[in-house]
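The values are calculated or read from the model by the stated rules, or taken from the named source; none is laboratory data. Because the structure is predicted, anything quoted here is derived from the model rather than measured. Positions of Cβ are generated from backbone atoms using ideal geometry, with glycine treated the same way; all protein chains shown enter the neighbour counts. Heads up: the accessible areas ignore ligands, DNA and RNA and are worked out on the full protein's heavy atoms, side chains in. Shrake-Rupley method; radii C 1.70, N 1.55, O 1.52, S 1.80 Å.
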Amino acid sequence: MNGLRLIRRHAAAFGRFAGLGSAVTLAASAALVLLSQWIPWMAANALTTVASTLAATELHARVSFGHGRPGLAGHLKSAATIVAGWLVTSAAVGALAALRPGAGLVLQQTVYLSATALVGTGRYLVLRLAVFAESAPQRRSGGEVRARAAYGAAA
């Protein structure tokens, strides 16, 4: 595959990843507002986080990466990227609070959104390259070629 086609394919996958992730986040935000009317906010947040993680993993596997159903291993690995992302964004905001205690809302949001963009890009790369890696043709003894997902071999 030539370089330009490869760039276009990955740019399209990244666009689908960002679009789906944003849509799931907005839906989770709306669900959180609704649920928090009936149950405590922390419980509503936990429920929407789990549900949106499951939904996003399914969508990213099937639509963003064309991988098919992710299975339990895919869901757990995807959840691990979300936990890592939460740690990074929390550390960024915490560092800002320690370094600039009186930072205004604009600076706080700039740091948070920058960290979130970094996390999103990293999460895309981890999911694309490790969790939902593309199939690689492998030669078998009879000369036949079989497509096998790298993630399936590791799981």
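Numerical summary
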quantity	calculated
Distance (nanometres) between label positions extended 7 Å along Cα→Cβ at residue 11 and residue 31	3.3
Dipole magnitude (debye, nearest 20) for the chain, charges at Cβ of Lys, Arg, Asp, Glu	620
Net length gained if the chain between residue 76 and residue 38 were fully extended (0.36 nm per residue, minus Cα distance)	10.8 nm
Those trypsin sites (Lys or Arg not before Pro) in segment 9-112 that DSSP places in a loop and that have at most 15 other beta carbons within 10 Å	none
Which labelled figure in [x] 1.26; [y] 1.01; [z] 1.06 is Cα Rg over 2.2 N^0.38 Å, once derived from the coordinates	[x]
Furthest towards positive pole of dipole, 25, 75, 51, structure part the chain, Cβ charges	75
Ellipticity estimate at 222 nm from DSSP helix runs (n ≥ 4, -39,500 (n - 2.57)) divided over the chain, nearest 500	-24000 deg cm²/dmol
Segment 1-65: C-alpha gyration tensor shape, a/c 1.5 cut-off, then a/b vs b/c	prolate
Heavy-atom accessible area per residue - the chain, 1.4 Å, Å²	63
Where chymotrypsin sites (Phe, Trp or Tyr not before Pro) fall in DSSP loop in segment 2-96, at most 11 other Cβ within 10 Å	38
Accessible surface of the chain, 1.4 Å probe, proportion on carbon and sulfur as whole %	69
Among 21, 104, 68, residue whose mean-square fluctuation peaks in a GNM of the chain (springs only between Cα atoms under 10 Å)	104
